[in-house]
Amino acid sequence: MAKTTKTKKKNVHTKYIFVVGGVMSGVGKGVASSSMALILQARGINVTAIKIDQYFNVDAGTMNPTEHGEVFVLQNGLETDQDMGNYERFLNTDIPDTNYMTSGGVYLEVIKRERNLGYKGKNVEAVPDIPNEIIRRIKLAADTANAEVAIIEIGGTVGEYQNVLYLEAIRMMKNEAPDDVITTMVSYLPVPGSIGEMKTKPTQTAVMALNRVGVFADLIIARSPIGIDQKRKEKLSKFCNVHTEDVISAPDVESIYDIPLNLEKDGLSLRICDLLKLKCGTKSDLGAWKGFVRKTKNTKDTVKIAVVGKYFSSGDFVLSDVYISVLEAIKYSSYKLGLKPEITYLGSQEFEDKKKLQNLKKYDGILIPGGFGTTGVEGKLNVIEYARKHRIPYFGICYGMQLAVLEYARNVLKKKGASTEEIDNKAQDLVVAVMDEQKEKIAKGDMGGSMRLGEYPATLKKGSQAYKAYRSADISERHRHRYEVNNQYVAELEEAGLVFSGKSPDGKLMEIAELPRDIHPFFVGVQFHPEFQARPLNPHPLFTSFIKASYESK
């Protein structure tokens with residue numbers, strides 16, 4: 001995978017932009033932060049982005065995906081919020097673990113330091129010791145990146161009690177260096193249908209809540225169904241104590257990738273430079289990004305992809321954020337090939353009824369992403385069997401790879417009792433088993449941040465579909481799992497036609513399983529998560545091969 005490298009600067013004086021939410025969560029603070037980072041980067045500024053989650057989980061690995069969204073894995077293995085994925089995708093670079101923190105991690109560090117006499121006998125209190133630890137981490141992240149600007153997104157909204165100590169950290173940093181810190185509020189301006197007018201009062205209330213803790217908004221990014229007009233800008237300026245030009249319009253758009261261009265159109269990068277007394281490049285180099293955005297709009301031919309997972313449903317709503325990196329990776333590769341992706345989310349439970357498998361005929365390709373547990377597994381196995389027998393291109397990621405191997409063992413090797421140890425540890429044939437290094441951790445209940453996590457190398461078999469996609473025999477991909485294909489069954493599976501085309505360098509771990517091209521147009525499963533390295537300007541080669549095969553097999 002191609003990666004952006006930056007020339008690090010020495011003795012950089014860092015400026016800080018805090019991004020907070022007003023009115024409600026889920027209105028795009030992460031994308032706004034990513035977009036600000038991109039437009040500043042386009043002016044030649046070295047930017048880094050930091051995410052703060054107020055949860056007491058030490059990392060995102062133990063958070064419920066239907067409540068919190070996707071768990072994104074960084075290069076070194078830290079399990080983080082999905083916004084870290086947005087930062088990497090927009091900035092086209094890997095971001096270190098110093099850039100993610102949770103309340104759990106902050107408090108744990110303070111308690112550890114107290115236990116080790118790090119405070120030298122002083123009383124340890126919520127204020128100032130927790131904000132001081134937050135500030136230490138922010139500055140560490142900025143120093144690690146040699147960043148001229150660090151953008152810090154604080155999860156949730158300003159009115160939440162959980163965020164008080166983070167807002168106190170902003171106040172303390174602003175007091176210490178007034179010219180180096182600004183605060184941006186991303187707030188929603190509703191247009192109630194029964195009224196037909198854009199309302200500014202909720203944002204005014206959110207700004208007042210921020211003011212009450214001693215923090216004042218320098219910029220307001222006004223999210224709304226439509227663009228904010230001059231009258232509302234003036235109203236927010238008057239009641240929120242900001243200049244009119246510091247109210248930035250951010251209406252709903254067709255694609256999140258339009259947002260940086262819209263913000264730049266409103267002059268945001270130059271306004272940030274003015275507020276922070278920062279030297280900006282005279283020209284904004286967004287040419288490559290604009291080229292990518294044009295591809296998202298000018299594609300006509302379509303490719304229909306079904307993503308079959310267990311986490312899509314939440315009551316009456318569909319939660320695509322659970323698999324956001326997978327969905328975006330599909331888009332990047334489709335656009336690269338000049339195709340418009342039509343992605344359908346399908347719950348795996350419905351395919352436990354084999355009669356419904358006929359509905360899969362309408363799709364050009366099928367993808368099963370990662371997951372855990374027993375829910376919907378039989379439905380996934382039915383889907384995989386259908387895709388294999390009907391020669392529909394299939395891409396299995398992590399659990400989707402393990403289940404592809406399991407399906408092959410059951411239906412080709414005729415091992416009807418075959419299973420994965422995750423589902424049935426007493427099965428007759430444990431084709432997928434817990435990794436040796438994980439057994440002791442599971443026995444001890446050491447389940448947080450202890451999976452096989454982060455980037456690991458693999459060696460590919462020349463001539464395989466995987467090798468042709470990567471055009472290299474040596475790759476490195478990010479992992480998140482406890483189970484692997486059981487080596488006791490590898491020879492038997494290979495004799496039956498399944499090819500393990502990617503293995504760990506020592507040959508002990510099966511990283512990629514596939515069927516030869518003369519048997520199936522594309523049937524590939526990978527133990528890792530390639531979606532974590534897919535970028536708008538650098539689509540992932542495996543996703544591109546999958547989309548290409550899907551289109552050609554229409």
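Note the listed values (i) 32.9; (ii) 34.4; (iii) 27.4, then indicate which one is mean projected area of the Cα convex hull in nm² calculated from this particular structure.
(iii)
How far apart, in nm, are two points set 7 Å out from the Cα along the Cα-to-Cβ line at K283 and at D252?
Using points 7 Å along Cα→Cβ, the separation is 3.8 nm.
Calculate the dipole size of the chain relative to its Cα centre from +1 charges on Lys and Arg beta carbons and -1 charges on Asp and Glu beta carbons; express the result in debye to the nearest 20.
Here the size comes out at about 1280 debye.
I'd like the distance between the alpha-carbon centres of segment 321-359 and segment 452-481, rounded to an integer number of Å.
Their Cα centres are 23 Å away from one another.
Could you line up H390, H529 from fewest to most neighbouring Cβ atoms inside 10 Å?
Working: H390 14, H529 23.
Sorted ascending by nearby Cβ count, the order is H390, H529.
Does segment 300-552 come out rounded, prolate or oblate by the C-alpha gyration tensor, with a ≥ b ≥ c the root eigenvalues, rounded set by a/c under 1.5 and, if not, prolate when a/b is larger than b/c and oblate if not? Working shown, then result.
Working: a/c = 1.31, a/b = 1.20, b/c = 1.10.
Rounded, since a/c falls under 1.5.
Along the Cα-to-C-beta direction of D436, a point sits 7 Å from the Cα; which residues of segment 492-513 have their amide N less than 16 Å from that point?
In segment 492-513, the label zone of D436 (backbone N under 16 Å from the point 7 Å along Cα→Cβ) covers 504-510.
Which whole-angstrom value gives the distance between the alpha carbon centres of segment 383-397 and segment 148-170?
Centre-to-centre (Cα) distance: 45 Å.
In nm, to one decimal, how far is the K297 label point from the N132 one, both placed 7 Å along Cα→Cβ?
5.2 nm
Rounded to the nearest 5, what % of the DSSP beta bridges within the chain are antiparallel ones? Show your work: numbers first, answer last.
Numbers: 25 of 77 bridges.
Here the antiparallel bridges make up roughly 30 percent for the chain.
Convert each backbone phi in segment 457-471 into a coupling constant with the Karplus relation 6.51 cos²θ - 1.76 cosθ + 1.60 (shift: θ = phi - 60°), then list the ³J(HN,Hα) values in order as whole Hz, x for Gly and Pro.
Result, rounded to whole Hz: x, 8, 10, 9, 7, 4, x, 6, 4, 4, 4, 5, 5, 6, 6.
Fewest first, what order do M447, M101 take by the number of other Cβ atoms within 10 Å?
M447, M101
Which helices of the chain meet both criteria: a Cα extent of 30 Å or more along the helical axis and a mean Kyte-Doolittle score no lower than -0.5, with helices taken as whole DSSP H segments? Please report the intermediate quantities before stating the final value.
Values: long enough: none.
Span-like helices here: none at all.
Might you report the magnitude of the Cβ-based charge dipole of segment 300-552 about its Cα centre, with Lys and Arg at +1 and Asp and Glu at -1, to the nearest 20 debye?
680 debye
Near the amide H of Y483, under 5 Å away, which other amide H atoms are found, from residues 5 or more places off or on another chain, if H is placed in the peptide plane?
Here M435 satisfy the definition.
Express in whole angstrom the spacing between the alpha-carbon centres of segment 68-120 and segment 237-265.
If you average the Cα positions of each part, the centres end up 29 Å apart.
Can you work out the PRE-style zone for N146? Point 7 Å along Cα to Cβ, and I want the residues of segment 37-77 with backbone N under 15 Å.
Label zone hits: 45-48.
Full extension from N123 to Q349: what is 0.36 nm times the residue separation minus their Cα-Cα distance, to one decimal in nm? Before the final figure, lay out each step's value.
Numbers: separation 226, 0.36 × 226 = 81.36 nm, distance 5.38 nm.
This chain segment gains 76.0 nm when fully extended.
With θ set to phi - 60° and the Karplus curve 6.51 cos²θ - 1.76 cosθ + 1.60, what are the ³J(HN,Hα) couplings of segment 426-435 in order, to the nearest whole Hz, using x for Gly and Pro?
10, 5, 5, 10, 8, 5, 10, 10, 5, 5
Taking the simple approach of a point 7 Å from Cα along Cα-to-Cβ for both D518 and K238, what is their distance in nm?
7.9 nm
Which order do the peptides 424-435, 327-338 come out in when sorted by mean C-beta neighbours inside 10 angstrom, highest first?
Those peptides, ordered most packed to least, come out 327-338, 424-435.
If the only charges are +1 at each Lys and Arg Cβ and -1 at each Asp and Glu Cβ, what is the size of the charge dipole of segment 15-291 around the Cα centre, to the nearest 20 debye? Present the calculation step by step, with values, prior to reporting the outcome.
Numbers: 30 positive and 36 negative charges, 161 e Å.
The dipole of segment 15-291 has a size of about 780 debye.
What's the exposure ranking of R223, R391, R480, going from fewest to most Cβ atoms within 10 Å?
Listed from fewest to most nearby Cβ atoms, that is R391, R480, R223.
Is it possible to state the helix-based mean residue ellipticity at 222 nm for the chain, with each DSSP H run of 4+ residues giving -39500 (n - 2.57), the sum divided by total residues, to the nearest 500 deg cm²/dmol? What is it?
Details: 18 runs with 194 residues, N = 554.
Helix-only estimate at 222 nm: -10500 deg cm²/dmol.
Which pairs in the list K29/K290; K356/K415; K199/K283; K389/K416; K29/K238 are over 28 Å apart, alpha-carbon to alpha-carbon?
Violating the 28 Å Cα-Cα cut-off are K199/K283.
Once the cut-off is 26 Å, how many percent of the Cα-Cα pairs in segment 15-291 end up in the long-distance tail?
Working: 15654 of 38226 pairs.
Tail of P(r) above 26 Å: 41 percent of Cα pairs.
Just the isolated ones, please: cysteines in the chain lacking another cysteine beta carbon under 4.7 angstrom.
Lone cysteines by the Cβ rule: C240, C398.
Given R₀ = 30 Å, FRET efficiency for K304-T66 by Cβ-Cβ distance, to 0.05?
0.75
Show me the ranking of peptides 118-124, 178-184, 49-55, 467-473 by mean Cβ neighbours inside 10 Å, starting with the highest.
For the peptides 118-124, 178-184, 49-55, 467-473, the packing ranking is 49-55, 178-184, 467-473, 118-124.
Tally Lys and Arg at +1 and Asp and Glu at -1 over the other residues with C-beta under 12 Å from the C-beta of I154: what net charge comes out?
-4
No value in this document is a laboratory result; all are computed from the given coordinates. Computed from a predicted structure; not experimentally measured. Neighbour counts run over all protein chains shown; Cβ positions are idealised from the backbone, glycine included.
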